[in-house]
1. Evaluate the following for A:Thr101: is it modelled with pLDDT under 90, within 30 Å of A:Glu169 (Cβ to Cβ) and touching a strand residue (DSSP E or B) at 6+ places or on another chain (Cβ under 6 Å)?
2. Pick from the stretch B:10-37 the residues that are away from every other protein chain (no Cβ under 14 Å) and charged (D, E, K, R): which of them is farthest from the chain's Cα centre (by Cα)?
3. Which members of the stretch A:253-285 meet the condition of being over 14 Å from A:Thr440 (Cβ atoms), buried (at least 18 other Cβ atoms within 10 Å of the Cβ) and among the hydrophobic types (A, V, I, L, M, F, W, C)?
4. With B:Thr150, B:Thr181 as the choices, which residue is within 14 Å of chain A (Cβ to nearest Cβ) and polar (S, T, N, Q)?
5. Condition first: outside any strand (DSSP E or B) and buried (at least 21 other Cβ atoms within 10 Å of the Cβ). Now tell me which residues in the stretch B:32-50 satisfy that.
6. If I go through the stretch B:186-235 residue by residue, how many of them are within 14 Å of another protein chain (Cβ to nearest Cβ) and part of a strand (DSSP E or B)?
7. In the set A:Gly378, A:Gly408, which member is modelled with pLDDT under 90, more than 30 Å from A:Asn250 (Cα to Cα), under 21 Å from the mean Cα position of the chain (by Cα) and surrounded by fewer than 17 Cβ atoms within 10 Å (Cβ to Cβ)?
8. Would the stretch B:102-114 turn up any residue that is without any contact (Cβ under 8 Å) to a residue 24 or more places away in the chain and surrounded by 16 or more Cβ atoms within 10 Å (Cβ to Cβ)?
Amino acid sequence: MTTEVNDPRVPVTVLTGFLGSGKTTLLNRILTENHGKRIAVIENEFGEVGVDQELVIGAEEEIFEMNNGCICCTVRGDLIRVLGTLMKRRDRFDYILIETTGLADPGPVAQTFFVDDEMQSLLRLDGIVTLVDAKHIWQHIDDAKEAKEQIAFADVLLLNKVDLVPPSEVDRLHAHVEAMNRNAKVYRTENAQVNLGEILDIGGFNLDRALDVDPAFMEPEYPFEWGAVFELDAGEHELTLAAGPDATMNLVVLPLDEASRAGLDAKLMDAVLTFSDVERAVNPGEALHIGRDRLNQLTLEPRPLSFTLTIEQPGAYGIFTEHTKSEYSPVLRVPAGTLTPVYEHAFKPDHEHDKEVTSVGITLDGALDEKKLNAWLGVVLRTKGTDIFRMKGILNLKGSDSRFVFQGVHMLFDGRPDRPWGTERPHNSLIFIGRNLDRTALTEGFRLCLA
Amino acid sequence: MPGLIKRKNTGELTYRWQVEAGDHIHALRWSPDGGMLAVAPASGPTVVAAGATGAVMHQLPGHGFGTLSIAWGPDSSVLASSGQDGIIRIWDSATGAQRCALEGGAAWVEHVVFAPDKPLLASAAGRQLKVWDSAGHLVRAYPPHPSAITDVQWRPPQPSDSNTTPVLATSAYGGVRLWNTEQPEPLQRYEWKGSTLVIAWSPDARHIATGDQDSTVHFWIMATGQDLQMWGYPTKVRELSWDPLARYLATGGGKDITIWDTGGKGPEGTRPLQLRTHEEFVSAVAYQHHGPLLASASTDGRVLLWHPGRQPRRPLAEYRYDEEVVALAWSPDDRLLATGTENGLVRVFETPPPG
C-alpha cells in the first residue's frame, strides 16, 4: 500500500470486451461521474465515445514485435508514442484509460508497459478490466480466441447485462469465467453499473498486492471433492457407496503420517499426482489399491457397491473420492460397526471447465532453490510463454527471510524481494492463467525446484 | 601533453537570456538567418523570440490540445507549426499573422519539416505523408504508410547536386523510405524488422543513421543499401547528431553518450567513444553546425559542452538546472546554444570561443 501512495506514476486501466459488451456505457459513466480525477481516454481511431472531445485521443492499434518475431514481446507502438507525448504536459492527467477494440488481444497493451523504459518510468499499469456480455458471450467464447484472452488477462471481470438472462445462466457463466481466470474479481452488473473503486486504482499489477486480491484464488483445484482421515487397525474393512449418476468414480487411499488435518494436508499433492495416474478398474467385491500411483477407478455397478480395503500396517489413512460425500455417501465399516473419520474436508468442486483456458494455482511448503527455479521458469516461459497469459507468485527462496514476489505477462516478468515473512508461515504460492496448461506438469516442475 | 586545454576544471556556462514558455519544450528551432528562436511548448502558444535578446516577438496560438512540431522556411520568412488538432499552420514570421491552416490528414500532425533549400514543407500525420509549398498548396499527398510515420527528414543538399528534385526520408515500423515529389511510390526502401524512431542524414548524405525502439542504432549506406547495426544500448535511442564533417555520430539511448566513427572501416567492428558523466538518461545531443563542439543534455538537469576529439574526455563547461533538460539547439553561427526544460524554461548560452 505504501508504494501505491508514494508512486508518482500515473495509473493506467485497460478496458477490453467484445463489441456490445458495454464498454462505451462504462466509459461514459467513468467520464461523467464526479470522481475529481482528470482522466484521458485513448481509444482506437474511430471510437464511439462522444464526450468532451479534449479528453479523448485516437490511436491506431499498431502492434509490433520487439525481438525477432517473438509474439510474446509484441507491443503497441501507438501507445508508446501517444502516451509519451501526453505525459510531457505539465498539467498531467491523474488517470489514463485505454479502450481496446472488441477483437483486441490485451497482451500487447500490457506488455508495452513492461518493455519500454519511458512507459515504465512514467506510468503504471493498474489493471485490465474486461466486460463480458452475459447474454451473447456464449456465441464467442468457443470460437473467438480473443474472447478467451480478454477474460484470461483480466484483473476485473464485469458480467454485464445480467438483467437480460436468467440467474441460473449467470451462475453458469460466473463459474465458467472463474475457472478460466482465478485471479480476477468478478462482478455482475446491469448497464455497466459498478462502483468505480472496484475498477480503478485496484493495483492489479502491483507487486505488493500481487496475491492479496482474493485468498481463495490460490486454493488449488483438486481432482477430488472429498477427503477423509481414518485411524485404521490391521484387517479387513468394507467401503460401501450409495448409487449415483456416474458409471465410475476415482478413489485414492494413502497412508498418512498422522491422523489429523495436517496429516491429510501433507499428502494433498501426492493425492493430486495419484489422481493423474493410470486408472485401475476395481469392480464391486474387489479390493482397493493403497498408496501412491494406485488410482482406483470404481465401477459403480452391479449393486450393492461394496469394496474391500485390507490394511496390513495399522495407522492413519486418507481416502480421497472424485465426487462429493453427498453424492455417494461413502461409509467405511469393520465387523464391529461404522467408522467415523477423524477429520474430513469437502474440496472445492471442479468448475465447469473451459476446454482451453484455465488457471493453475500451486501452493507448496518449503524453501525453493533459486537456481533450480530460474532454470525451470526459463524453460516454462520459453516453451509455453505464448500460452501463459498472466502469472503471479509469492515465493520462499532458500537463504532469504523475506517474501519474493513476482508477476508477468507472457514471457516478460518483474519480481523483487518483498517484506520479511515475519509471523506469516513461509510458503510458495504461484498462479498461471493460460491456454492448454498442463496442471500436473507445472505442479511437478515447481515441486522439483524445492531446495 | 602540449596543446591540452589549460582549464583544469569544467567551466560554468552563463546564459545570456531566458524565456519562460510554461510547459515541456517539444522543440527549439533557430530561424536559418539566426535572428529568431521559435519555442514550442507541449501546450500553449508557440513563442518566437529575438535571437540576440530573447525579446518575445510573437505568441502564435497553439494547436488546441498541444503543439507537436515546428519548422522554419528556408528564408526565415515563415514558420510552420502542427499539433493535436490535426492542423498545420503557416505563420508570417515578420507579423505573426497566420497565412494558412492545412489539414494534416489525421488527428495528430506529429511532424512538419521544411526542405533546407526549397520552399517545400513535408508533414506527417499518422500514416499520412503530404508535401506542401510555402503558400500552403498541396504538392503531393502520398498513399498511406503501413504504420504511423515516426520521423521525416529532407536530404541535405550537396554541392554536386544539379537540379535534382529534393528527396525526403520517412521512418516507421519496418525501417526507412525515400521519396521525392515526382512520384507517389517510394524511391527506395531500407527495411528493418523493427520500429525506427528517428532519422539523421549525415551532412554529406552518404548515410542515414536511425535510432530504434529495439535499442539499436543503424547506419544505412545510401549508395549500397547496406545496414550496419549497432547493438547494446540500455534504452530505445532517440538522440542522434552528426558532426559537420559527417564522420562522427553522437547518440544517446542511456546515460552515456556514444560516439561512432564512420571514418576508415568504421563504424562496424569498431569501439565507439563513450562519454560518461551524466547521472541520468541523456535527453539530447547536438553537434555544432560548423565547429567541433558537442552539447548534451540530460534528465539529471545538466547541459554539458564537450570537445570529443580532445583529451581529456571531460566536459569543457556545464550548466545545472533544477529540472530535466529536454531540448538543445545551436544557433546557425554556433555562437549561441538554446536549451529547454521539462517545465518550459528556455535559457540561451554564449558559447566559449573556440580554443
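The values are calculated or read from the model by the stated rules, or taken from the named source; none is laboratory data. Values in this document were obtained by computation on a predicted structure and should not be read as measured data. Glycine gets a Cβ as well: all are built from the backbone with ideal geometry, and neighbour counts include every protein chain shown.
1. Working: modelled with pLDDT under 90: yes; within 30 Å of A:Glu169 (Cβ to Cβ): yes; touching a strand residue (DSSP E or B) at 6+ places or on another chain (Cβ under 6 Å): yes.
For A:Thr101, the condition - modelled with pLDDT under 90, within 30 Å of A:Glu169 (Cβ to Cβ) and touching a strand residue (DSSP E or B) at 6+ places or on another chain (Cβ under 6 Å) - is met.
2. Per the criteria, the residue is B:Glu12.
3. Residues of the stretch A:253-285 over 14 Å from A:Thr440 (Cβ atoms): A:253-267, A:279-285.
Then drop every residue that is not buried (at least 18 other Cβ atoms within 10 Å of the Cβ), which leaves A:253-254, A:256, A:259, A:263-264, A:267, A:282.
Hits for the stretch A:253-285 are A:Val253, A:Leu254, A:Leu256, A:Ala259, A:Leu264, A:Val282.
4. Numbers: B:Thr181 fails: within 14 Å of chain A (Cβ to nearest Cβ).
Checking each option against the conditions leaves just B:Thr150.
5. From the stretch B:32-50, those outside any strand (DSSP E or B) are B:32-35, B:42-45; that's our starting set.
Once the filter is applied, which keeps residues that are outside any strand (DSSP E or B) and buried (at least 21 other Cβ atoms within 10 Å of the Cβ), the stretch B:32-50 yields B:Ala42, B:Ser43.
6. 11
7. Every option except A:Gly378 fails the conditions.
8. Let us first name the residues in the stretch B:102-114 that are without any contact (Cβ under 8 Å) to a residue 24 or more places away in the chain, namely B:103, B:106-107.
Going one step further and asking which of them are surrounded by 16 or more Cβ atoms within 10 Å (Cβ to Cβ), we end up with B:106-107.
There is at least one residue in the stretch B:102-114 that is without any contact (Cβ under 8 Å) to a residue 24 or more places away in the chain and surrounded by 16 or more Cβ atoms within 10 Å (Cβ to Cβ).
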